[in-house]
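Asks: Sending over a structure as structure tokens; questions will come in a sec.
The values are calculated or read from the model by the stated rules, or taken from the named source; none is laboratory data. Because the structure is a prediction, the values reported are computed rather than measured. Cβ coordinates were reconstructed from backbone atoms using ideal geometry, including for glycine residues, and neighbour counts include every protein chain displayed.
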């Protein structure tokens, strides 16, 4: 981002980079936010001990949101796989009744 120095000159390519970064961030932010919210909702449902149908619904929504973010390269595909795996592991541990993960 630019300094507050009015005497400093910036090249046109840097100015264009700022513009494209701002546009890209604005375009991709909803997908990142949606994935994070779905992940958080699923974890809360698991930790609160909601009924199994509710957990499965939240898990499916979280997996879908994470996959969409990975498809658009907002998060890396391996990061998406890791998050989904950890969430499934957490859900399975809560269903078995034992707190060990």
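Asks: Looking at the range 42-101 only, could you name the residues that are farther than 26 Å from residue 25 by Cα and either in contact with a strand residue (DSSP E or B) (Cβ under 7 Å, 6 or more places away or on another chain) or not in a helix (DSSP H, G or I) (or both)?
Replies: Matches in the range 42-101: 49, 50, 51, 97, 98, 99, 100, 101.
Asks: Still on this structure, I have one more. Looking at the range 14-26, is at least one residue surrounded by 10 or more Cβ atoms within 10 Å (Cβ to Cβ), part of a helix (DSSP H, G or I) and in contact (Cβ under 8 Å) with a residue 24 or more places away in the chain?
Replies: Checking the range 14-26: not a single residue is surrounded by 10 or more Cβ atoms within 10 Å (Cβ to Cβ), part of a helix (DSSP H, G or I) and in contact (Cβ under 8 Å) with a residue 24 or more places away in the chain.
Every residue, every condition in (1) surrounded by 14 or more Cβ atoms within 10 Å (Cβ to Cβ); (2) touching a residue at least 12 places away in the same chain (Cβ under 8 Å); (3) more than 19 Å from the chain's Cα centre (by Cα), yes or no:
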residue	(1), (2), (3)
29	no, no, no
52	no, yes, yes
60	no, no, no
63	yes, yes, no
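Asks: Tally time: how many residues in the range 65-93 are touching a residue at least 40 places away in the same chain (Cβ under 8 Å) and buried (at least 16 other Cβ atoms within 10 Å of the Cβ)?
Replies: 6
Asks: Filter the range 31-50 down to the residues that are without any contact (Cβ under 8 Å) to a residue 40 or more places away in the chain and over 11 Å from the mean Cα position of the chain (by Cα) and list them by number.
Replies: Residues satisfying the conditions are 41, 44, 45, 48, 50.
Asks: Just to be sure before I move on: is residue 48 surrounded by 10 or more Cβ atoms within 10 Å (Cβ to Cβ) and at pLDDT below 95 in the structure I sent?
Replies: Against the criterion (surrounded by 10 or more Cβ atoms within 10 Å (Cβ to Cβ) and at pLDDT below 95), residue 48 qualifies.
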